[in-house]
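Report on the structure given below.
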Amino acid sequence: TIAQEEVFGLYDSARELGASDINVLVGRQFTIVKFRILGRLQTQFRQTREYGIRLIRTIYNGMCDICDAQWNQTQDQESRLYAEVAEQLGLDQCRVSTGPIDGGGFFLNSRLHYPLGDVPKTLVELGWLPFQEATFREISRRRSGIFVVSGATGDGKTTTLAHALWKILLDCNYQMSLIRVADPPELTIPETINKAVPRHRGNRQAEMDAWADVNDT
């Protein structure tokens, strides 16, 4: 459909720019579309309110492996694109979150995850400095303790850990069991056990805070 072609065009543009997220805010008068690129949200364009509602409905109702029957404008909902749709878009997978905001508007956040490739990248290839990679490797060889990787949204935490863990598995010829517990599981690493963390859906206030700079819509 024309609406689905609009969606594919939007995701294609985000992928070409290397965006980690697509943010759609439907306000009282118009829609703002932003891409998160290198950790920063960048406004791409503004459209009508009707455009945003059509976009969210098309993504959630027609292109997602949904938990609920259809997009509910009164509830926070989470899903992800069908695997075949994500593959067509050149993605490993793509998470979708939607929900209402104060004033009669709606938001959609879509997290884009790109395929890891045929072999894991080094941390230097991912943008780390050589001494940081050496420290990371030394810590990862420890047999106990907690290793915390933190940073802002879109900084590359998930990608860094995915490549690093994959390298560890390759180095031991997959002679260990790797269990990943995530909310939700993201990126596909060969021969790993991915476990989802059950949680109460809908932290609407966090989403509203993220859009505080565009409350005039």
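The values are calculated or read from the model by the stated rules, or taken from the named source; none is laboratory data. The shown structure was predicted, so the numbers you read here are calculated from the model rather than taken from an experiment. Backbone-built Cβ (ideal geometry, glycine too); neighbour counts: all protein chains shown. Side chains are part of the model used for accessible areas, which takes the heavy atoms of the whole protein and leaves out ligands, DNA and RNA. Shrake-Rupley method; radii C 1.70, N 1.55, O 1.52, S 1.80 Å.
For the chain, adding -39500 (n - 2.57) for each run of n ≥ 4 DSSP H residues and dividing by the number of residues yields -10000 deg cm²/dmol at 222 nm.
Among 14, 152, 83, the largest mean-square fluctuation in a Gaussian network model of the chain, built with springs joining Cα atoms closer than 10 Å, belongs to 152. Charge dipole (Cα centre; +1 on Lys/Arg Cβ, -1 on Asp/Glu Cβ; no other charges) of the chain amounts to roughly 520 debye. Once the 1.4 Å probe is applied to the protein heavy atoms, the chain comes out at 57 Å² accessible per residue. What label, among [x] 28, 21, 18; [y] 44, 33, 19; [z] 34, 18, 17, belongs to semi-axes √(5λ) of the Cα gyration tensor in Å computed from the structure on display? After the calculation, the listed value that fits is [z]. When you restrict to C-alpha pairs under 8 Å that are six or more residues apart and normalise by the size of the chain, the relative contact order lands at 17 percent. Each of 26, 71, 190 was placed along the dipole of the chain (beta-carbon charges, centred on the mean Cα), and the one lying farthest toward the positive end is 190.
Ranking 98, 130, 51 by Cα position along the charge dipole of the chain, where only Lys, Arg, Asp and Glu carry charges on their C-beta atoms, puts 130 farthest toward the positive end. Farthest toward the positive end of the dipole of segment 81-191, out of 148, 114, 170, is the Cα of 148, where the dipole comes from beta carbon charges about the Cα centre.
Listed highest first by mean packing, meaning other Cβ atoms within 10 Å per residue, what order do 32-39, 173-180, 143-150 come in? Provide the component values of the computation, followed by the final result.
On the way: 32-39: 18.1, 173-180: 10.6, 143-150: 6.4.
So the order, starting with the most tightly packed, is 32-39, 173-180, 143-150.
Taking the accessible area of the chain, probe 1.4 Å, and keeping the other protein chains in place, the carbon and sulfur fraction comes to 49%.
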